[in-house]
Amino acid sequence: MSSNFSDKNLYAILGIHPSADQKAIKEAFRTLAKKYHPDTNKGNKASEKKFKEVAYAYEILSDEKKRKDYDKLNNFNQPEHSKSTYSQEKQAKQAYSKNAAPSETKEKQNYQQQSQTKPQKETETPFSETFSKFMNEVFTNKGETNKKPIKGTDINVDITITVHEAKNGTVRRVNVMHTECCPICKGKKIINEAKCKKCNGNGELISHKTILVKIPPNIKQNEKVMLKGEGNIGKFGGLNGDLYLKINIEKNELFRFEDLNVLSDIPISPTEAALGTNIMVPSIDGHINIKIPPETSSGQKFRLHEQGIFDKDGKKRGDHIVTVYIKMPKNLSGEEKDLYKRLSKLREYNPRKEGE
């Protein structure tokens, strides 16, 4: 994608209004990134392009300076960002001290006069201290330290593997979008009493990472592989979430699966069905020689014991069930047709009548 962002409406790409705050930008990005992620749209070039556009839009709009430059170039007239956290805190405290100091002084004088004639009661915390503590918690998020740890959310990703990989196991690279602690402010959201510019005061960032995942052998359709702690970051000291990979076994024209059993359909010729033969049948372990007895019917099944999938413990193994069907050759020659006519005269046989 071009680095010249002036030719793209980044707000339209994320589906948000130019006045949207950082929370709305992040939520829009998460939704669209999940929708167009390459792992969920494998081979879809349009989705891949859209994913890159969404990621680029978020990169610009989540950075205050880049967003301001972008708005200026494209005449979005974005309202100026509010003053720094430090300035807001300072102004708020100054406003309070100007308005409340006189009355506080008066109350102090009255209290001193009363204390001369009345027993002194339990000392109360001055309101100015309470207010100052409140302002510090607002601007520095100190109140969060008292919250209970929250585990990060889990991430679910679908992954497609081949039949061979499902049986023998494999190692795959998986692309994941996840939240992580801001490396600059270490999750504290502020630096030097000002909002962290790296994470825009969120304390965390959305980033992309590639993980090498070991898929165990003999895994089945829709089974999940869990990677502990590879999900989104926890809050208030909580553990990270987990990453779950849902296994999808690639469709194969040769094999189907039913629990631990492998199923396949194999064609045989009319002559092989009538006279019997030996044929090589593909299996998940390679090829197996099986005997087709004389007078075999179409749809007849042959069970190859313990040639299927192992269970999780590797102690029990399913079977490979082969179903044969008779396939007629195309473009019969005149001689072949004469032979079939002679055969029909040798024995009148109607398979639609019982007992014949």
Step by step: first the residues of the range 250-272, then only those that are open to solvent by less than 70 Å² (accessible area, probe 1.4 Å) and part of a loop (DSSP other than H, G, I, E, B), then the one that is farthest from E336 (Cα to Cα). Which residue is that?
L260
Which pairs turn up if I take residues in the range 194-209 that are open to solvent by 50 Å² or more (accessible area, probe 1.4 Å) and look for partners that are part of a strand (DSSP E or B) with beta carbon separation below 6 Å, at least 6 apart in sequence or on another chain?
H208/M177
Does at least one position in the range 199-215 carry a residue that is part of a loop (DSSP other than H, G, I, E, B) and among the acidic types (D, E)?
no
Test of understanding: among V281, V324, which residue is modelled with pLDDT under 95, open to solvent by less than 60 Å² (accessible area, probe 1.4 Å) and not in a loop (DSSP other than H, G, I, E, B)?
V281
Quick one: is K26 open to solvent by 70 Å² or more (accessible area, probe 1.4 Å), assigned to a helix (DSSP H, G or I), modelled with pLDDT of 80 or more and not aromatic (F, W, Y)?
no
Please determine, by comparing only the residues of the range 148-179 that are open to solvent by less than 40 Å² (accessible area, probe 1.4 Å) and among the hydroxyl-bearing types (S, T, Y), which one is nearest to the chain's Cα centre (by Cα).
T179
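Taking the criterion of being at negative phi, touching a His at 6+ places or on another chain (Cβ under 7 Å) and open to solvent by less than 70 Å² (accessible area, probe 1.4 Å), would at least one residue in the range 218-228 satisfy it? Full working, then the answer.
First pass over the range 218-228, keeping only residues at negative phi: 219-221, 223-228.
Checking the rest, the ones that are also touching a His at 6+ places or on another chain (Cβ under 7 Å) come to none.
There is no residue in the range 218-228 that is at negative phi, touching a His at 6+ places or on another chain (Cβ under 7 Å) and open to solvent by less than 70 Å² (accessible area, probe 1.4 Å).
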Expected single match for surrounded by 14 or more Cβ atoms within 10 Å (Cβ to Cβ), under 30 Å from P216 (Cα atoms) and either at pLDDT 95 or above or not hydrophobic (A, V, I, L, M, F, W, C) (or both) among G308, G314, G286 is G308
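Taking G299 as the residue in question, decide whether it is at positive phi and exposed (fewer than 10 other Cβ atoms within 10 Å of the Cβ). Break it down stepwise before answering.
Values: at positive phi: yes; exposed (fewer than 10 other Cβ atoms within 10 Å of the Cβ): no.
No, not satisfied.
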When you go through L275, L239 one by one, which is the residue that is of a type in the set (A, V, I, L, M, F, W, C) and either surrounded by fewer than 14 Cβ atoms within 10 Å (Cβ to Cβ) or within 30 Å of L343 (Cα to Cα) (or both)?
L275
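The values are calculated or read from the model by the stated rules, or taken from the named source; none is laboratory data. Computed from a prediction, not measured in an experiment: that's the story for all the values here. For neighbour counting, all protein chains shown are included, and Cβ atoms are generated from backbone atoms with ideal geometry for every residue, glycine included. For the accessible areas, the whole protein counts, side chains as well, though only heavy atoms, and no ligand, DNA or RNA atoms are used. Shrake-Rupley method; radii C 1.70, N 1.55, O 1.52, S 1.80 Å.
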